[in-house]
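*Asks:* Mind looking over this structure? Questions follow.
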Amino acid sequence: MSSSEKHIIPGTVSSDPWASLKAFTPARIALGRTGTAIPLQEVLQFRMAHAHARDAVYSLLNTDTLIAQLQSLQLPVNLLHSQAADRHEYLQRPDKGRKLDIDSINLLTSLAGSSTQQSVSIVLADGLSATAINNNALPLLEILLPMLQQAAIPLAPLSIVQQARVAIGDEIGSLLKAELVVVLIGERPGLSSPDSLGVYLTYRPQPGLTDEARNCISNIRPEGLSYQAAATKLFYLIRESFRLRLSGVLLKDNEKLIK
Amino acid sequence: MPYKTTIGNHTYRFDDLKTVLAKAAPYRSGDALAGLTAGSYEERVAAQMALADIALQDFLQQAIIPYESDEITRLIIDTHDAQAFAPVSHFTVGQLRDWLLSDAADTPTLQSLAPGLTPEMVAAVSKVMRNQDLISVARKCEVITRFRNTLGLKGHLAVRLQPNHTTDDPKGIAASIVDGLLYGSGDAVIGINPATDSPAITVQLLQLIDELRQQYDIPTQSCVLCHVTTALTIMPRAPVDLVFQSIGGTEQTNSSFGVNLSILQEAHEAALSLQRGTIGSNVMYFETGQGSSLSANAHGGVDQQTCEARAYAVARRFNPLLVNTVVGFIGPEYLYDGKQIIRAALEDHFCGKLLGLPMGVDVCYTNHAEADQDDMDNLLTLLGVAGCNYIMGIPGADDIMLNYQSTSFHDALYVRKVLGLRPAPEFEQWLVKQGIMNEAGNLLKVSGSHQLITSHL
């Protein structure tokens, strides 16, 4: 007896004779019914998917693990925080998630004072799914970083930032005097994608820039865009951004790496 | 002129109409984000008391967004129907509320009043109304529209079949359409949100639905929800039934959507000239949602519910077949939880209906909102009672492309069943003829040899 058949009283739940159409779409078609209702097994599947998405929204960055892993890649890391005190405030005040708290500003200011001009600042931000960073940031960086090193593109110290929105990368990049900021951030979880990672790239980051100044690569996760494809595309965009001295709507993905 | 209310020893002063409107609004996160909410529970009720005493005439004399700088304000003022307004012209907001709930305000009376009301008046009265008031009055409004079937009749609830797919794959979309039709959905429209705004894909998807519709002789209409300018571009070579556009309640909001009244006018005329409707000529489909003006930084100090009501003035101009408030899509920074989403949906439905619009509601939420299917069940049932024209139907309530949860084909069956609501009459006849539903409105078991199934395997 399969899990979808258990607990079913014969004759109560009717299945749909078009279940073979499921081959054409991941949508929840041909669910069957009891009366007008969705059968319980499907209701529970949906509820579990929603539970995963909700848990992802409230997940926390595994900062200790991330810092240890990044240090093994010989990268200095700074732990930062936005002005949003907690998830509750973060969800209702997107403006606070876009700005660093005062301790973080002081830390980055002291660093920038002692360093020379850097090129790329990489930021790991929890966004709406810390799970996405916990699961997918390291595998992506393990492919990307050697590409940057081979191309002799220098890196600023890495940043891990909590309760953060995309635009906080502009403030971080600006304080580190980086020429380019790359923000890895957890995307809004979908029912089938609680750990989808997004990457945003901004040339000459400054607070106040808006979405049209950025380039985005979305849906990075094992079931979505692969680490290899994402890293290749990101490396292409970084090089083009340096070459053209811009990012955003004028920086096109002409390499057509991704359909 | 400032408005004042004295509570005990304290006099609350509200500088102008938009301030009293904002402070009278039930609490929601978007107004807090904009810094517009009342500072205390007492101040909120004091603002509602002040609002109740404001004469409706004041709304014609005091624009909350300047006439000179906003074409929607000009539209509202310039097209106001003084004759329709006459029966209530001496009322205050509070008197309007009491009158709307009285037996004197029956369906024909409310229908003839609609052109006499402005969005600001209906937003104002909604703010002093409880949820049951919003439901009672909306239920009395009847807004009927037609293209290939009749929508909005009392006792009927239609469904937009929303067969979205992550990559716009035609076979995947067709599979969801078949699923929806076999569950009795699709009378409001078969409407696809495309994954991209590519004109070529839009044409392909329109052809897909149109061929299906003609093959099975389905009395419904289709729409691919592309930008209005895309629709204009492809019209000569594609079967465009309805023209879609997202709209907001300020000129600046619409600029952020890349539209204005003259583009909408051009699209409306172009769609009418195609003459594709068989029993009516309502050819526009608009979507709205509280928070869009704040999101575009274009609210001008006006609360999000009043901005939303002003969007209905834009919609009303173009006699739409469908208007849909996508109430929980925008996220918790505008509507935080199930309570706020439910209240906002009832307000939007009420305001739209009172202004004479064929309102549907996308009963929905995102995964970062404090809401779940139980909240949607509550809202769906309330809207069914309120006489909502249509809801969304999505396989299993899970939109795999837009990544949010709405209502399912099953949900539509549920609300029709518990409230005795029927599909659009022409569509219902088609369902009976196809052996999908019986005359009593119960869904039938179809066999695997049904033509809708066999021709898509």
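*Asks:* For A:Asp64 and A:Ile102, what is the calculated FRET efficiency with R₀ set at 41 Å and r taken between the beta-carbons, to the nearest 0.05? Display every interim value, and only then the final one.
*Replies:* Details: r = 24 Å, r/R0 = 0.58.
With a Förster radius of 41 Å, E is 0.95.
*Asks:* 7 Å from Cα along Cα→Cβ at both B:Glu68 and B:Asp16: what's the point-to-point distance in nm?
*Replies:* About 1.2 nm separates the two model spin labels.
*Asks:* Taking a probe of 1.4 angstrom, what is the accessible area of A:Thr232 in Å², to the nearest 10?
*Replies:* Surface accessible to solvent at A:Thr232 totals approximately 40 Å².
*Asks:* Can I ask one more? Along the stretch B:201-212, what does the Karplus equation 6.51 cos²θ - 1.76 cosθ + 1.60 (θ = phi - 60°) give for ³J(HN,Hα), rounded to whole Hz, x for Gly and Pro?
*Replies:* 5, 4, 4, 4, 5, 4, 5, 4, 5, 5, 5, 4
*Asks:* For B:Leu206, what is the net charge nearby, where nearby means another residue's Cβ is under 14 Å from its Cβ and Lys, Arg count +1, Asp, Glu -1?
*Replies:* Numbers: positive: B:Arg213, B:Arg237, B:Arg276; negative: B:Asp168, B:Asp197, B:Asp210, B:Glu211, B:Asp241.
That sum, taken over residues with Cβ under 14 Å, equals -2.
*Asks:* While we're on this one: Mind jotting down a quarter of the surface of the convex hull over the alpha carbons of chain B, in square nanometres, one decimal?
*Replies:* On the way: hull surface 82.5 nm².
The number I arrive at for chain B is 20.6 nm².
*Asks:* Got the relative contact order for chain B handy, in percent, Cα pairs under 8 Å and 6 or more residues apart? Please list the in-between numbers first.
*Replies:* Numbers: 921 pairs, mean separation 86.2, N = 457.
About 19 percent, as a whole number.
*Asks:* Give a residue-ordered list of calculated ³J(HN,Hα) values for the stretch B:13-22 (Karplus: 6.51 cos²θ - 1.76 cosθ + 1.60, θ = phi - 60°; whole Hz; x for Gly, Pro).
*Replies:* Values per residue, Gly and Pro as x: 10, 10, 5, 7, 4, 5, 5, 5, 4, 5 Hz.
*Asks:* Enter the Cα centre distance for the pair the stretch B:157-202 and the stretch A:179-243, rounded to the nearest angstrom.
*Replies:* So the separation of the two Cα centres works out to 29 Å.
*Asks:* Another question about this same structure. With solvent modelled as a 1.4 Å probe, how much accessible area in total do chains A and B shield from it at their shared surface, in Å² to the nearest 100?
*Replies:* On the way: alone 13770 and 17090 Å², together 27350 Å².
In total, chains A and B hide about 3500 Å² from solvent.
*Asks:* Hey, if you drop one equal point scatterer on each alpha-carbon of the protein assembly as shown and run the Debye formula without solvent, what base-10 log of I(q)/I(0) do you get at q = 0.05, 0.06, 0.08, 0.10 Å⁻¹?
*Replies:* Rounded to two decimals, the profile gives -0.26, -0.38, -0.67, -1.03.
*Asks:* If you don't mind, another one. Pairs of alpha-carbon atoms within less than 8 angstrom and 6+ residues apart define the contacts here; what relative contact order does the stretch A:13-56 have, in percent?
*Replies:* Relative CO of the stretch A:13-56 lands at 31 percent.
*Asks:* Quick one: if you stick a label point 7 Å off each Cα along the C-beta vector at A:Val43 and B:Asn297, how many nm between them?
*Replies:* Distance between label points: 4.6 nm.
*Asks:* Given q = 0.20, 0.24 Å⁻¹, what are the Debye log10 I(q)/I(0) values for the stretch A:13-56, with equal point scatterers placed on the Cα positions and solvent ignored?
*Replies:* For the stretch A:13-56 at q = 0.20, 0.24 Å⁻¹, log10 I(q)/I(0) is -0.71, -0.88.
*Asks:* May I ask for the net charge around B:Ser455, where only other residues with Cβ less than 13 Å from the Cβ of B:Ser455 are counted and Lys, Arg are +1 while Asp, Glu are -1?
*Replies:* Details: positive: B:Lys171; negative: B:Glu211.
Overall, the nearby charge balance is 0.
*Asks:* Still on this structure: Under the definition of Cα pairs under 8 Å and six or more residues apart, what whole-number percent is the relative contact order of the stretch B:106-167? All intermediate terms of the calculation are to be shown ahead of the outcome.
*Replies:* Details: 23 pairs, mean separation 17.7, N = 62.
Result for the stretch B:106-167 is 28 percent.
*Asks:* Now for a separate question. Enter the Cα centre distance for the pair the stretch B:50-107 and the stretch B:14-38, rounded to the nearest angstrom.
*Replies:* Answer, in whole Å: 19.
*Asks:* So in the protein assembly as shown, what percent of DSSP beta bridges are antiparallel if you round to the nearest 5? All intermediate terms of the calculation are to be shown ahead of the outcome.
*Replies:* Numbers: 28 of 70 bridges.
Roughly 40 percent of the DSSP beta bridges within the protein assembly as shown come out antiparallel.
*Asks:* Which number do you get for Rg(Cα) / (2.2 N^0.38 Å) in the stretch A:87-204?
*Replies:* Against the empirical 2.2 N^0.38 Å value, I get 1.06 for the stretch A:87-204.
*Asks:* Further question on the same structure: Considering every residue in B:363-375, what mean count of other chain Cβ atoms within 10 Å of its Cβ is obtained?
*Replies:* Details: counts 0, 0, 1, 6, 15, 12, 3, 4, 0, 4, 5, 0, 0.
The mean count of partner-chain Cβ atoms within 10 Å per residue comes to 4.
*Asks:* Under the definition of partner shielding as Cβ atoms of other protein chains within 10 Å of a residue Cβ, what is the mean value for peptide B:160-171?
*Replies:* Working: counts 0, 0, 0, 3, 2, 4, 7, 1, 0, 2, 1, 4.
Per-residue shielding by partner chains comes out at 2.
*Asks:* Taking amide H atoms as placed 1.01 Å from N in the peptide plane, list the residues 5 or more away in sequence, or in a different chain, whose amide H sits under 5 Å from that of A:Leu80.
*Replies:* Residues meeting the criterion, in which the H sits 1.01 Å from N, are A:Ile160, A:Val161, A:Gln162.
*Asks:* As a test of reading the structure, rank B:Met1, B:Met401 by solvent-accessible area (1.4 Å probe, protein chains only), most first. Present the calculation step by step, with values, prior to reporting the outcome.
*Replies:* Working: B:Met1 145, B:Met401 40 Å².
Highest to lowest solvent-accessible surface, that is B:Met1, B:Met401.
*Asks:* Once amide H atoms are placed 1.01 Å from N in the peptide plane, what residues at a sequence separation of 5 or more from B:His156, or on another chain, have their amide H within under 5 Å of its amide H?
*Replies:* Under 5 Å from the amide H of B:His156: B:Arg422.
*Asks:* A follow-up question, please. Work out the mean other chain Cβ neighbour count within 10 Å for the residues of A:12-21 and drop it here as an integer.
*Replies:* Working: counts 0, 0, 2, 1, 7, 8, 12, 2, 5, 10.
Mean partner shielding for this stretch: 5.
*Asks:* Per DSSP H run of at least 4 residues, take -39500 (n - 2.57); add these up for the protein assembly as shown, divide by its residues and hand me the 222 nm value, nearest 500 deg cm²/dmol.
*Replies:* -12500 deg cm²/dmol
*Asks:* Moving to a separate point now. Considering only protein heavy atoms, what is the solvent-accessible area of B:Cys141 at a probe of 1.4 Å, reported in Å² to the nearest 10?
*Replies:* It works out to around 10 Å².
*Asks:* Would you mind telling me the antiparallel percentage of the DSSP bridges in chain B, rounded to 5?
*Replies:* Details: 12 of 37 bridges.
DSSP beta bridges in chain B are roughly 30 percent antiparallel.
*Asks:* Note down, for the stretch A:61-258, the three equivalent ellipsoid semi-axes (square root of 5 times each alpha carbon gyration tensor eigenvalue), biggest first, whole angstrom. Write out the running numbers ahead of the final one.
*Replies:* On the way: eigenvalues 95, 84, 58 Å².
Each semi-axis is √(5λ); the values are 22, 20, 17 Å.
*Asks:* Pull up all non-local amide H partners of A:Ser247: gap of 5 or more, or a different chain, and H-to-H distance under 5 Å with H placed in the peptide plane.
*Replies:* A:Tyr203
*Asks:* For the stretch B:250-354, what Kirkwood radius comes out of the mean inverse Cα-Cα distance, in Å?
*Replies:* Values: mean 1/r = 0.0684 Å⁻¹.
Averaging 1/r across every pair of different Cα atoms and inverting gives 14.6 Å.
*Asks:* Let me ask another. Got a number for the accessible area of B:Asp217? Probe 1.4 Å, square angstrom, nearest 10.
*Replies:* 110
*Asks:* At a 1.4 Å probe radius, carbon and sulfur cover how many percent of the accessible area of the protein assembly as shown?
*Replies:* Details: 13940 of 27350 Å².
Carbon and sulfur: 51 percent of the exposed surface of the protein assembly as shown.
*Asks:* Taking θ as phi - 60°, what are the ³J(HN,Hα) couplings along the stretch B:309-322 by the Karplus curve (6.51, -1.76, 1.60), each to the nearest whole Hz, with x for Gly and Pro?
*Replies:* 4, 5, 4, 5, 5, 5, 4, 4, 4, 10, 6, x, 6, 9
The values are calculated or read from the model by the stated rules, or taken from the named source; none is laboratory data. Fair warning: this is a prediction, and the values are worked out from it, not measured in the lab. As a convention, Cβ positions derive from the backbone with ideal geometry for all residues, glycine included, and neighbour counts pool all protein chains shown. We work out accessible area using only protein heavy atoms, side chains counted, and drop any ligands, DNA or RNA first. Shrake-Rupley method; radii C 1.70, N 1.55, O 1.52, S 1.80 Å.
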